[in-house]
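Taking it in order: structure first as structure tokens, then the write-up.
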Amino acid sequence: MKCGDIMSKNVESVREQVTITAAAALMADSGVGFLPICDEAGRAIGVVTDRDVVTRAVARKLPLDAPVHSIMSAPVVTCPAAADLELAESLMVDERLLRLVITDRDDRVAGVLSLADVIEHASGRAALRTAQAILWRDALGPRGGAAPGEPLLKDEPISDEHAAREGVDGARSSVFTGGHWSTDTKEFPG
């Protein structure tokens, strides 16, 4: 399966000169929490999330009329639309990303691939391993498991200590339940 087959093609993006307030308003109006920041040619030069607005702008008391490039994450990790889903999953795991910017042949933004897309379309166990690896840092709780004053755990893989404590080789057996409340649920044994 190719990334372009399952990516979201209805993507909002902004230019780097747009204000933080305008980017946040676009996210609110569009119901998204992720915006690619693009140059004049439509190529992604960074991304901004709703979390970036809170942790990089509001918490640091930046003026909200500052340009969005002042809080964006760059360089942006992209993946070609023609790439196999397995490559995208690998990038998401390696970089601990919930979303990837998908590009066309001219490196312009063509869509966004989310973890939800991967879970919906990838094979069961592979999708669960991808989700666990990406979400591991958040599962550790506030500060990524680090005590106040200690460095935050950034892109560290699942620790050998955790694997030993859980008695597994970096992945824990689990059950994933999903579906929609109005229809039914599906259970995927771990």
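Read-outs throughout are calculated quantities, based only on the coordinates presented, and are distinct from any laboratory measurement. Computed from a prediction, not measured in an experiment: that's the story for all the values here. Cβ coordinates were reconstructed from backbone atoms using ideal geometry, including for glycine residues, and neighbour counts include every protein chain displayed.
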Let me have the relative contact order for the stretch 34-88, percent, based on Cα pairs under 8 Å that are six or more residues apart. 32
Fewest-first ranking of Ile119, Ile102, using other Cβ atoms within 10 Å as the exposure measure: Ile119, Ile102
Can you give the net charge of the other residues whose Cβ lies under 15 Å from the Cβ of Val109, counting K and R as +1 and D and E as -1? -1
For the stretch 7-17, just list the computed ³J(HN,Hα) in residue order, Karplus coefficients 6.51, -1.76 and 1.60, θ = phi - 60°, integers in Hz, with x standing in for Gly and Pro. 5, 7, 9, 8, 10, 8, 8, 9, 8, 5, 7
³J(HN,Hα), Karplus 6.51/-1.76/1.60, whole Hz, each residue of the stretch 83-97, x for Gly, Pro: 6, 5, 4, 4, 5, 4, 4, 4, 4, 4, 5, 4, 9, 6, 10
Among His69, His121, what is the fewest-to-most ranking by other Cβ atoms within 10 Å? His121, His69
Assuming 0.36 nm per residue, please report the length gained on full extension of the stretch Ser123 to Ala82 beyond their Cα-Cα distance. 12.9 nm
Leu135 paired with Ala116, simple spin-label distance in nm, labels 7 Å along Cα-to-beta-carbon: 1.3
3J(HN,Hα) from dihedral phi, the stretch 33-41, Karplus parametrisation 6.51/-1.76/1.60, rounded to Hz, x for glycine, proline: x, 8, 10, x, 9, 10, 7, 4, 8
